[in-house]
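Here is the structure we will look at.
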Ligand SMILES: C[S@@+](CC[C@H](N)C(=O)[O-])C[C@H]1O[C@@H](n2cnc3c(N)ncnc32)[C@H](O)[C@@H]1O
């Protein structure tokens, strides 16, 4: 991409170099930044995309962040159309938020975004597998009113059925645009494992880095009795995926985790890395992100 203006950055509508210098020199202090964030969020300052990047969009700021990240990478790499997915839809609060974020951010950045939501339609399946944490969740929790939700959706498509069956046929049945962001919220280990098979698809079906959000990783002080561990639930499914694949890995976003003003949902953001994807090494930098001058004497 060289030093040209990145079209994704133009779409996001903010001079990032200027903003990050302001942040470094003035905003990034314990008193000013929380107040500034409140102002940006409450007064809807800057573009929707920029607020999504900073996690200043409600509801579901974690979804907005993933949409921003996926759209940014897609646009930077020259994709015209990408897909975003929610696994585990229930009543549709998450899917309707995802649809809205995708619509606005897609429009601002100039990239088309398809949205898909996977669910049984009947709530949680039956399980007695300790890896699904049945001590928290029960069969039939979070049942969907399919017709009501369909009437509320504007463009998102529902993929109804057990993910053990629907994921395997998804690319053939729907021919979606390449997948750029995925939200996981199915609670169970046994449901997350087949959903992760999506990341075994051909490169043409996937972006080289895919922003994902895992809701059941453990990100709130209220979850004191959930006891999320590396040996059950979504964390186990991720670990097994990583053990099985050499050149495709799912990893936390350590940049986000190192942020001075960390939000609880940051721990649920992971990226799928497809190291052998033809576009993995393609540059996404431009003069906004060229910091060479700062290092010269
Ligand atoms: C916690 S709810 C999702 C909440 C939703 N994401 C939201 O933000 O409101 C979990 C959902 O995962 C779905 N689910 C769990 N296992 C599944 C499976 N094997 N196949 C399809 N859907 C599944 C359930 O039907 C349930 O609706």
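The numbers here are math on the coordinates, done by the rules we state, and not lab data. Owing to the predicted nature of the structure, the values given are computational and were not obtained by experimental measurement. Don't worry about glycine lacking a Cβ; one is built from the backbone with ideal geometry, like all the others, and counts go over all protein chains shown.
So the values come out like this:
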item: Whole-percent pair-distance distribution, where bins are 10 Å wide, for the alpha carbons of the range 26-72; result: 30, 49, 21, 0
item: Potential extension, residue 231-residue 45 segment - 0.36 nm per residue separation minus Cα distance; result: 62.7 nm
item: Alpha carbon centroid spacing (whole Å) that separates the range 37-52 from the range 166-224; result: 28
item: Ascending count of other beta-carbon atoms within 10 Å, so fewest first, for 273, 197; result: 197, 273
item: Cα→Cβ-extended label distance, 7 Å offset, between residue 276 and residue 152, nm; result: 4.3
item: Rounded if a/c under 1.5, otherwise prolate or oblate - the range 58-280, Cα gyration tensor axes; result: rounded
item: In nm, spacing of pseudo-spin labels at residue 239 and residue 254 (7 Å Cα→C-beta vector); result: 1.9
item: Overall form of the range 216-285 per C-alpha gyration tensor (a/c, 1.5; a/b vs b/c); result: oblate
item: Distance in nm between pseudo-label sites at residue 222 and residue 23 (7 Å out along the Cβ direction from Cα); result: 2.8
item: Exposure proxy ranking, count of Cβ atoms within 10 Å, fewest first, for 212, 192; result: 212, 192
item: 13 Å cut-off, amide nitrogen to a point 7 angstrom out along residue 145 Cα→Cβ, residues in the range 93-118; result: 93
item: Relative contact order, percent, the range 119-213 [alpha-carbon distance under 8 Å, six or more residues apart]; result: 30
item: Residue with peak Gaussian network fluctuation, the chain [Cα springs, cutoff 10 Å], from 86, 103, 282; result: 282
item: Rotationally averaged projected area of the range 53-94 (alpha carbon convex hull; nm²); result: 3.3
item: Ranked list, fewest to most other Cβ atoms within 10 Å of each Cβ, for 157, 75, 80; result: 80, 157, 75
item: Residue 285-residue 128 FRET efficiency (beta carbon distance; Förster radius 51 Å; 0.05 resolution); result: 0.50
